[in-house]
Amino acid sequence: MKIFFFITLLVVVLAEVDNTTQEDKRSFEIFTLNNNFYGNFIDHEDMVFVKYYAPWCGHCKALKPVYENLAKELYNKLKFAEVNCEESKEICEKEGIEGYPTLILFRKGRSKKVYGGERNVEAMKKFLENESLPPIIESTKEAIEELKKKENSFVIIKSEADDQIRNKLVELVDELDYLHFYALNTEMDNFELSVYNGDSKELFTYEITTLDKFNGTEFIDWANSKTFPLFHQVNMPLFRRIENLPVYTLWYFYQGTIPKVHEDLFRGLAKKYNGKFIFFSFNKVISEDQVKHMHHTGNVYPVISVIHTNKRNMYVMDEEATIDEETINKYIESILNGTAQLYYQLSDPIKPEDQKDVFKLTGHNFNEFVTTKGKDSLIIFCVERADMCKYFLTTPLAKVAKRMQGIDTFQMAWIDASTDDVSPEWNLNIIPKIYLVSEKNGETKKVEMNEMPSEENTMKFIMENALFKFEMPAPLPEEKKEEEVPESDSDSEEVEKPKEKKEL
């Protein structure tokens, strides 16, 4: 159904409304999509920006006039639509909508893209205009030289127009959405793939020979690392870029302004340790809590913390240490060679009266638990503040704990994976993460569960992998074997129903 929005004028005459052109009316067009109309509409249009919302959502109400103004400005470049997730739940479940509002851009022949920027007209307009460009932009040597004068980073492809690797790169454009791809047509056997870092003003060439030797994931990580700003104030877009990069991240906390000697120092170190370290600056006025979260007092500046490649554990440099080239080089090398000590601030042990159905561990008793001899130990890594983990621990896993409590050769517990209580050797890239660790007659076994836990599949996982065999305990009385995750009944802006594993 078409919805038309009209600008109210100080003076409006009926004749002017009657004479409104079809083009003017179209400028106010936002489509309301439902289960009957959704698929055909998305598939038919070249480019559609869709807002998924709930009528009760406060953020959705605030976005409504912004979205309308955006549609008015860009009506002739793409289609705008909206889906009421209260009325069209099937659509929202299919698209994996977990929070309101969610904005998704659909482009024919390309993957969909979830918008994660600021919710204002200027930011969304810039996003849509960038995404409307062709995946690879035909260019010239002269145009490339002009681009280098700016501070933007980009990819340069020198090849024949129908080169196989060039065609393969089209598939990677959405993964590198912070870079534009420019193509220079050349003759056969003169292929070259490069990236230009607009911050360092350096050009880097990627070594590649044939299509069968081209690894898209490796190129994405390489291009991300080579084009990363040398020493930049941390922000969410940059932080997202390092989520999957296997690099250490050095945070330089300061107040006031950064001394030029430190600016030059860390820019130089960023070049030296490219591919191993990322360097961020962080002004304490943004959040002093962040400074303390990374284990500094907040009384001394500048100070340094380093996040491990697992994005969880930290190294904390002595606040009294001198920040100069020699000291920082030695500190970085000690991290790389494994001699630097990780910072551990163990959580207090949980009082017995505060324990729930699933026993909670801290760093004080974690190692003792996982090295227990003569038992199968189920260890659950979760994050206490995550609604998804709260559900698993209080519903399916709590039932498993009750059913297994009479098995003497079995124990189960959980630990908060967001704390310093867990060391780096545990691969916790997603939560929840569940392992069964067993020791019997000198044999040690560690098996990872690769499914989202339910009562039934967790019991099956234990039965199949336990070194100490036991009879399957009966289901709890008056309990269903499989639980349905309850729908949220809160007024929060995010859907609380857990649907999938989340990255830490």
When you scan the range 197-232, how many residues do you find that are over 20 Å from K148 (Cβ atoms) and in contact with a Phe, Trp or Tyr (Cβ under 7 Å, 6 or more places away or on another chain)?
3
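Just checking, how many residues over the range 318-346 are of a type in the set (A, V, I, L, M, F, W, C), part of a loop (DSSP other than H, G, I, E, B) and under 21 Å from P246 (Cα atoms)?
Result for the range 318-346: 2.
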Being in contact (Cβ under 8 Å) with a residue 40 or more places away in the chain, within 23 Å of K373 (Cα to Cα) and assigned to a loop (DSSP other than H, G, I, E, B) is the filter here; which residues of the range 436-472 pass it?
A466, L467, F468, F470
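Is it fair to say K292 is surrounded by fewer than 18 Cβ atoms within 10 Å (Cβ to Cβ), more than 26 Å from G117 (Cβ to Cβ) and in contact with a Gly (Cβ under 6 Å, 6 or more places away or on another chain)?
Yes, satisfied.
Table: residues versus (1) in contact with a Ser or Thr (Cβ under 7 Å, 6 or more places away or on another chain); (2) modelled with pLDDT of 90 or more; (3) within 27 Å of K226 (Cβ to Cβ).
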site: S111; (1), (2), (3): no, no, yes
site: M124; (1), (2), (3): no, yes, no
site: E129; (1), (2), (3): no, no, yes
site: L133; (1), (2), (3): no, no, yes
site: S139; (1), (2), (3): no, yes, yes
site: I157; (1), (2), (3): no, yes, yes
site: Q164; (1), (2), (3): no, no, yes
site: D174; (1), (2), (3): yes, no, yes
Among the candidates K213, K292, K276, K284, single out the residue that is of a type outside the set (D, E) and under 25 Å from K201 (Cβ atoms).
K276
Might you let me know whether the range 388-408 holds any residue that is closer than 22 Å to Q345 by Cβ, surrounded by fewer than 19 Cβ atoms within 10 Å (Cβ to Cβ) and not hydrophobic (A, V, I, L, M, F, W, C)?
no
Where residues in the range 134-186 are among the basic types (K, R) and part of a loop (DSSP other than H, G, I, E, B), which of them is nearest to S111 (Cα to Cα)?
K150
Just one of (1) modelled with pLDDT under 90; (2) closer than 30 Å to K158 by Cβ trips up L230, so point out which.
(1)
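With the condition being out of contact with any Pro (no Cβ under 9 Å at 6 or more places or on another chain) and of a type in the set (D, E, K, R), I'd like the strands (runs of 3 or more DSSP E) fully within the range 187-301 carrying at least 1 qualifying residues.
Those strands (runs of 3 or more DSSP E) span 192-197, 202-206.
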Counting residues that are touching a residue at least 60 places away in the same chain (Cβ under 8 Å) and not assigned by TED's automatic domain parsing to the domain that holds E243, which helices (runs of 4 or more DSSP H) fully inside the range 347-435 reach at least 3?
387-394, 396-404
Those residues of the range 165-189 that are within 15 Å of K141 (Cα to Cα) and surrounded by fewer than 19 Cβ atoms within 10 Å (Cβ to Cβ) come to a total of 4
Counting only residues that are among the hydrophobic types (A, V, I, L, M, F, W, C), closer than 15 Å to E131 by Cα and in a strand (DSSP E or B), how many does the range 64-95 have?
1
Just one of the numbered conditions (1) crowded, with 19+ Cβ neighbours inside 10 Å; (2) outside the structural domain of I379 (by TED's automatic domain parsing); (3) not hydroxyl-bearing (S, T, Y) is not true of F470; which one?
(1)
Where residues in the range 35-63 are within 19 Å of E122 (Cβ to Cβ) and in a helix (DSSP H, G or I), which of them is nearest to the chain's Cα centre (by Cα)?
H59
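The values are calculated or read from the model by the stated rules, or taken from the named source; none is laboratory data. Bear in mind that the values here come from a model prediction, so they are computed numbers and not experimental data. All Cβ positions, glycine included, derive from the backbone under ideal geometry; neighbour counts span all protein chains shown.
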